[in-house]
């Protein structure tokens, strides 16, 4: 296992850094969350710690993903991330936040596009019957006319959209991608498989196949410990295997979701478990998942 680690430079396509003072949701009282108890990460997580976490895993570049600063501070977050990138060389790309339903979102996109690291936008629109799992106020946010008007601006600035959905939303997600063919979509966390019963797998598989019919949809193989609060090969392996079979390696990429997954594992264990899950693939496909897909999508 050691030799392949040295042979394939890796881009971490999904991680965070933060200052506790910027995040009200992290610095406030502990509440039930999708990833379980989180007191251990209620602190600063600087880029230096992230890089130390990745030591020995041949991570050569990374992509920052927004962390939900208070409303109205999306540009301030992106500007801070840019300052970190300018000072340290990391991260190499930024997926910023925007409220697509905001009438002035076009102006925000213009401002974000002036920051060299900006590559995309994430607004979490996932909704679930379980209140602990939902983020959006309702499951049909992506179908609202105002929200779609905001999404239409992304292609003008060559920005991709990171789409976070549960199984029940996947058909509408596929329709969205079909109706916005000039926009690149990246499905987060391999479709967030939370129901691992045979019926849950069936519905997830059907939804993923519908999404894969849209050539502008790609997938992050990330956040796979979210619902089990552990780094488990018996969970990660099958999800990764089926996702790659459905989408193809050239539309899949690795992401650590650190420091969230640091709640239950260290980076090297996560990385080795991931590498084990793709070792059945040929070297070209492994290279695509670990490096090339992210390099293409985020232009790094």
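Of the residues screened, residue 148 is not one that is farther than 26 Å from residue 285 by Cα and crowded, with 21+ Cβ neighbours inside 10 Å. Any residue that is at pLDDT 95 or above and over 25 Å from residue 252 (Cβ atoms) - is there at least one of those in the stretch 116-139? Yes; the residues of the stretch 116-139 include at least one that is at pLDDT 95 or above and over 25 Å from residue 252 (Cβ atoms). Scan the stretch 218-234 for residues that are crowded, with 17+ Cβ neighbours inside 10 Å and either more than 18 Å from residue 258 (Cα to Cα) or touching a strand residue (DSSP E or B) at 6+ places or on another chain (Cβ under 6 Å) (or both) and the total you get is 5. Output yes when any residue across the stretch 152-166 is closer than 18 Å to residue 242 by Cβ, crowded, with 21+ Cβ neighbours inside 10 Å and in contact (Cβ under 8 Å) with a residue 12 or more places away in the chain, and no when none is. Yes: the stretch 152-166 contains one or more residues that are closer than 18 Å to residue 242 by Cβ, crowded, with 21+ Cβ neighbours inside 10 Å and in contact (Cβ under 8 Å) with a residue 12 or more places away in the chain. Counting only residues that are surrounded by fewer than 21 Cβ atoms within 10 Å (Cβ to Cβ), touching a residue at least 60 places away in the same chain (Cβ under 8 Å) and over 14 Å from residue 227 (Cβ atoms), the stretch 167-203 holds 0 of them.
Of all residues in the stretch 155-178, those satisfying the criterion of being in a loop (DSSP other than H, G, I, E, B) and over 16 Å from residue 96 (Cβ atoms) are 165, 166. For the stretch 12-35, residues that are within 18 Å of the chain's Cα centre (by Cα), part of a loop (DSSP other than H, G, I, E, B) and crowded, with 16+ Cβ neighbours inside 10 Å total 4.
Residues in the stretch 274-285 that are closer than 21 Å to residue 187 by Cβ and surrounded by fewer than 20 Cβ atoms within 10 Å (Cβ to Cβ): 281, 285. With the requirement that a residue be part of a helix (DSSP H, G or I) and over 21 Å from residue 249 (Cα atoms), what does the stretch 179-197 give you? Residue satisfying the conditions is 179 alone.
The values are calculated or read from the model by the stated rules, or taken from the named source; none is laboratory data. Note that the coordinates shown come from a computational prediction; the quantities given were computed from them, not determined experimentally. No Cβ is skipped: glycine too gets one built from the backbone with ideal geometry, and neighbour counts run over all protein chains shown.
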